[in-house]
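Here's the structure, in structure tokens; my notes come after.
The values are calculated or read from the model by the stated rules, or taken from the named source; none is laboratory data. Quick caveat: nothing in here was measured; it's all calculated off a predicted structure. Here the Cβ positions follow ideal geometry from the backbone for every residue, glycine too, while neighbour counts run over all protein chains shown.
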Amino acid sequence: MPPKYHTQTASAPNRFPAVTRSGVIAWEEGCLKCARCVKKECVYKVYETRALDERQMLDSLDSACQDCFRCVQNCPARLIQKGVNPTYRTIGDHYWTPEILANIWSQAETGKIPVSGAGYGGPFSGPGFDAMWTDMSEIVRPTRDGIHGREYISTTVDLGRKLMALRFDEQGDLTHPVPPLVEIPVPFIFDILPFSPPKRRILRAFLRAATDLGTFVVVKESEWLPPYERYLPNTILLLDRGPDARNGHLLDRMRMVEVPDNPAVTEWLEMLKEKKPDLLVAIRMPLTPAAAARIAELTREGAEIIHLVADEFGMEEADEPFFIKDRLKEVHLSLVDKGLRDQITIIAGGGIAMAEHMAKVIICGADAVSCDIPLLVAMECRVCRRCTQGIACPVELEEVDPAWGSRRIKNLMAGWHNQLLEIMGAMGMREVRRLRGEMGRAMFFEDLEREFASLGARKTETPQ
């Protein structure tokens, strides 16, 4: 059994004032000029240290306030109020909501799991991952605790093609070669960003974090630079220029590469295997309605790893697109029906925004998960997408310190890892590899709606 995995976390303060949900509204008109103003009695000195952030043109009042509500309650004229910060409403979009961004910032700064003392106050169903609930029936057993060490929970996954059976000759030697496997201690890798400011420093932060975490970063060959060579053991080079890459000399020091799916992909795999037989080759494939059939075909032809990629909102490429969890369920069950599932490794990504999404994607059939935008958000990205229009990044991501960025990413992934352990412990699972495809340990809103609708539509016979 591999040693217990743990990530050391350390505080990594924000470079810019955090965009908080609540804002302070302090009216000056009607002030009674009290001898002892509640603003002067603020224990956090919020009003005394109030200043303007000239880079973002923001008042420090909102970010400095600790939400004790003392000034709101004690002002005799009720001139101080707390309301929703208008800036908070503008960050992110319909999928990457302000709540998600705020949670990622908090975890990236502290490495701790966000906790809501008031509990969850939202709806129990919705689009995407919100229509899926995990089974927490084992949570009543206090000994099942993977974080504090009472029981061991493994998050190790194997990347590569698996053999269905071993055959030996009369001397006891294997009669066939064993496919290469790479073991990583966490079920996630870092993927290519769908948008980003100039990312030399950003990519170095990714590479440093992946090296410390023991996982991989997917890097386009067209964006590869010599300074990255020290991180080759933790790099998956996407050969977007074809198998005869200019950087082919790097293959000797690499464990894994990725190629885009195309009609000649089988020939590409053979060419790469001739150059380095123990090299793992993943096939990058956009999520589409044809994914299940295509993956089955490639598995029969000897593919080792499929990297399924949805868009940044978790949707596939189609006129009437499915969400990643729904298409992934179809892919997994199709491979199971054909007796091929245990021969192939599936990495799935796109729309992964929270730790629970990682667990849900694995339950739907993935062996591992690829993460992209949350890594950028960890470094204070607002998901404003100004960089796609050539407008300067409001938090100057192109100038980020790679060491600081790496620390923020490690903090975030440590929080996600601990949440995965919480979920698995509550489900009574001791190994993340067993979680793959365990759809019986989850409930899906669409299935429940269909079942209950059929109950309501059932007709009762009238006695004669």
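Of everything listed in (1) in contact with a helix residue (DSSP H, G or I) (Cβ under 7 Å, 6 or more places away or on another chain); (2) assigned to a helix (DSSP H, G or I); (3) of a type outside the set (A, V, I, L, M), the single unmet condition for E312 is (2). Of all residues in the stretch 338-358, those that are aliphatic (A, V, I, L, M), modelled with pLDDT of 95 or more and not in a loop (DSSP other than H, G, I, E, B) total 4. When L420, L335 are screened for being modelled with pLDDT of 95 or more, farther than 24 Å from I91 by Cβ and surrounded by 18 or more Cβ atoms within 10 Å (Cβ to Cβ), only L335 passes.
Annotation: of all residues in the stretch 370-382 being modelled with pLDDT of 95 or more and touching a Gly at 6+ places or on another chain (Cβ under 8 Å), the one that is farthest from A18 (Cα to Cα) is S370.
Pairing residues of the stretch 281-304 that are over 23 Å from I236 (Cα atoms) with residues that are among the polar types (S, T, N, Q), at Cβ distances under 6 Å and at least 6 apart in sequence or on separate chains, gives A292/S334. Sub-8 Å Cβ pairs linking a first residue in the stretch 260-276 that is over 21 Å from L308 (Cα atoms) to a second residue that is part of a strand (DSSP E or B), at least 6 apart or interchain, are K273/V281, ordered by first then second residue. Being surrounded by fewer than 21 Cβ atoms within 10 Å (Cβ to Cβ) and modelled with pLDDT under 95 holds for only one residue in E330, E229, and it is E229. When the strands (runs of 3 or more DSSP E) confined to the stretch 191-267 are screened for residues that are β-branched (V, I, T), those reaching at least 3 such residues are found at 217-220.
Restricting the stretch 1-38 to residues that are assigned to a loop (DSSP other than H, G, I, E, B), touching a helix residue (DSSP H, G or I) at 6+ places or on another chain (Cβ under 9 Å) and at pLDDT below 85, the residue that is surrounded by the most Cβ atoms within 10 Å (Cβ to Cβ) is V19.
Checking T97, T90 one by one, the residue that is free of Cβ contacts under 8 Å to residues at least 24 places away in the same chain and closer than 30 Å to P187 by Cβ is T97 and no other.
Of all the criteria given as (1) touching a residue at least 12 places away in the same chain (Cβ under 8 Å); (2) over 23 Å from P185 (Cα atoms); (3) of a type in the set (D, E), the one not satisfied by E320 is (1). Within the stretch 164-184, identify whether any single residue is surrounded by 14 or more Cβ atoms within 10 Å (Cβ to Cβ), in a strand (DSSP E or B) and within 21 Å of the chain's Cα centre (by Cα), and answer yes or no. Yes, there is a match, as at least one residue in the stretch 164-184 is surrounded by 14 or more Cβ atoms within 10 Å (Cβ to Cβ), in a strand (DSSP E or B) and within 21 Å of the chain's Cα centre (by Cα). Within the stretch 76-127, which residues are in contact with a Leu (Cβ under 9 Å, 6 or more places away or on another chain), at pLDDT 85 or above, hydrophobic (A, V, I, L, M, F, W, C) and part of a loop (DSSP other than H, G, I, E, B)? Listed by number, the list holds a single entry, I91.
Residue check: A205 meets all listed conditions (1) buried (at least 22 other Cβ atoms within 10 Å of the Cβ); (2) under 23 Å from I363 (Cα atoms); (3) out of contact with any Phe, Trp or Tyr (no Cβ under 7 Å at 6 or more places or on another chain) but one, namely (2).
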